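Undergrad: This structure is in structure tokens; I'll ask about it shortly.
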Amino acid sequence: MTDQIKSGTALVLFSGGQDSTTCLAWALERFARVEMLGFSYGQRHGIELDCRDRLLAGIRQIRPDWAAKLGDSHTLAIPTLSEISDTALTRDVAIEMGADGLPNTFVPGRNLVFLTFAAALAYRRGIRHIIGGMCETDYSGYPDCRDETIKALQSALNLGMAKIFELHTPLMWLDKAATWRLAHALGGAGLVDLIREHSHTCYLGERGAQHDWGYGCGECPACSLRAKGWREYVAQGVRASH
Ligand code: ZN
């Protein structure tokens, strides 16, 4: 780890989901100061944004050293994204597979827009490091989650703003079980329990039923992936060792 990273500030795309909460912990372990950015874009699971405060309160409680690093939490409203997209995340339609092999939960341009807004905010606040939970291991084939896309966007942002931003994607090569393991390595059982209880993943925004992996409908692709990852994580016995 370089001194430059240890003394630097990071901006984490923090939606209140499992992945972004793990990314937040990853950043808090590495950087001197961490700011957060969430987007309200008309998502059906807008409830995830409400989870952020409970997650932050929990993080402050379990890790006072991290609490001291937590900076501003920003929320940007970009309703345009749902106005121009016709997807199961932004419309009340069933989740299904499209003819192009992509599920209709894919919101075209979403991560490109998110990271571009993040860079614009980072520019104003003098932040170099931007962290996102994009992952191409356990994913639905979203092309904007690919490592190649993120690297190309980093180049475009640096060219277009004449700055040096570093886009970090610590989950890129991890499956969901490994993401739970990473949370455990970063913050122990306390962080794992906090994420399990208070992070939100379900595409439909359901928080009624509690499962051993957290709340959600249990049926949508996001719930299925989270449940599968949790089962594998538990089967690996990491929790039993602490
Ligand atoms: Zn669900």
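Undergrad: Would it be correct to say that ARG60 is among the charged types (D, E, K, R), open to solvent by 10 Å² or more (accessible area, probe 1.4 Å) and touching a helix residue (DSSP H, G or I) at 6+ places or on another chain (Cβ under 6 Å)?
TA: yes
Undergrad: If you go through region 230-242, how many residues are part of a helix (DSSP H, G or I) and either among the hydrophobic types (A, V, I, L, M, F, W, C) or open to solvent by less than 20 Å² (accessible area, probe 1.4 Å) (or both)?
TA: Of the residues in region 230-242, 5 are part of a helix (DSSP H, G or I) and either among the hydrophobic types (A, V, I, L, M, F, W, C) or open to solvent by less than 20 Å² (accessible area, probe 1.4 Å) (or both).
Undergrad: Moving on. Any chance region 94-114 includes a residue that's open to solvent by 10 Å² or more (accessible area, probe 1.4 Å), in contact with a Gly (Cβ under 9 Å, 6 or more places away or on another chain) and modelled with pLDDT of 90 or more?
TA: Scanning region 94-114 turns up at least one residue that is open to solvent by 10 Å² or more (accessible area, probe 1.4 Å), in contact with a Gly (Cβ under 9 Å, 6 or more places away or on another chain) and modelled with pLDDT of 90 or more.
Undergrad: Another one. Out of region 215-229, which residues are under 17 Å from the mean Cα position of the chain (by Cα), open to solvent by less than 10 Å² (accessible area, probe 1.4 Å) and either more than 10 Å from the ligand (Cβ to nearest atom) or over 20 Å from LEU194 (Cβ atoms) (or both)?
TA: GLY229
Undergrad: Looking at region 202-213, which of its residues are more than 7 Å from the ligand (Cβ to nearest atom) and surrounded by 21 or more Cβ atoms within 10 Å (Cβ to Cβ)?
TA: TRP213, the sole residue that qualifies.
Undergrad: Within region 65-182, which helices (runs of 4 or more DSSP H) (wholly inside it) include 3 or more residues that are of a type in the set (S, T, N, Q)?
TA: Output list reads 147-161.
Undergrad: Could you list all residues from region 23-43 that are in contact (Cβ under 8 Å) with a residue 40 or more places away in the chain and out of contact with any helix residue (DSSP H, G or I) (no Cβ under 9 Å at 6 or more places or on another chain)?
TA: Those that are in contact (Cβ under 8 Å) with a residue 40 or more places away in the chain and out of contact with any helix residue (DSSP H, G or I) (no Cβ under 9 Å at 6 or more places or on another chain): CYS23, ALA27.
Undergrad: Give me a count of the residues in region 32-47 that are crowded, with 24+ Cβ neighbours inside 10 Å and either farther than 19 Å from LEU167 by Cα or not aliphatic (A, V, I, L, M) (or both).
TA: Of the residues in that region, 0 qualify.
Undergrad: Sort out which residues of region 120-146 are over 21 Å from GLY42 (Cα atoms), open to solvent by less than 20 Å² (accessible area, probe 1.4 Å) and over 14 Å from the mean Cα position of the chain (by Cα), and write them in order of number.
TA: ALA122, ILE127, HIS129
Undergrad: Shifting gears a bit: Which pairs have Cβ atoms under 9 Å, sit 6 or more apart or on different chains, and link a residue in region 215-234 that is touching a residue at least 40 places away in the same chain (Cβ under 8 Å) to one that is near the ligand (Cβ under 10 Å from one of its atoms) and among the acidic types (Asp, Glu)?
TA: CYS220/GLU206
Undergrad: Now for a different question. What pairs can you find where one residue is in region 192-213 and on the phi > 0 side of the Ramachandran plot, the other is in a loop (DSSP other than H, G, I, E, B) and charged (D, E, K, R), and their Cβ atoms are less than 6 Å apart, with a gap of 6+ or different chains?
TA: Partner pairs satisfying both residue conditions: GLY205/ARG44.
Undergrad: Check region 175-192 and report whether any residue there is within 16 Å of the ligand (Cβ to nearest atom) and open to solvent by 20 Å² or more (accessible area, probe 1.4 Å). Break it down stepwise before answering.
TA: To start, the set of residues in region 175-192 that are within 16 Å of the ligand (Cβ to nearest atom) comprises 176.
From what is left, the residues that are open to solvent by 20 Å² or more (accessible area, probe 1.4 Å) are 176.
Within region 175-192 (the criterion being within 16 Å of the ligand (Cβ to nearest atom) and open to solvent by 20 Å² or more (accessible area, probe 1.4 Å)), the answer is yes, since at least one residue qualifies.
Undergrad: Might you check whether a residue that is within 26 Å of ARG44 (Cα to Cα), free of Cβ contacts under 8 Å to residues at least 40 places away in the same chain and open to solvent by 30 Å² or more (accessible area, probe 1.4 Å) occurs anywhere in region 152-168? Give the steps one after another, and end with the answer.
TA: First, pick out the residues of region 152-168 that are within 26 Å of ARG44 (Cα to Cα): none.
No, that holds for no residue.
The values are calculated or read from the model by the stated rules, or taken from the named source; none is laboratory data. Not measured: the values here are computed from a predicted model. All Cβ positions, glycine included, derive from the backbone under ideal geometry; neighbour counts span all protein chains shown. Note: accessible area is taken over every heavy atom of the protein model, side chains too, but ligands, DNA and RNA are not part of it. Shrake-Rupley method; radii C 1.70, N 1.55, O 1.52, S 1.80 Å.
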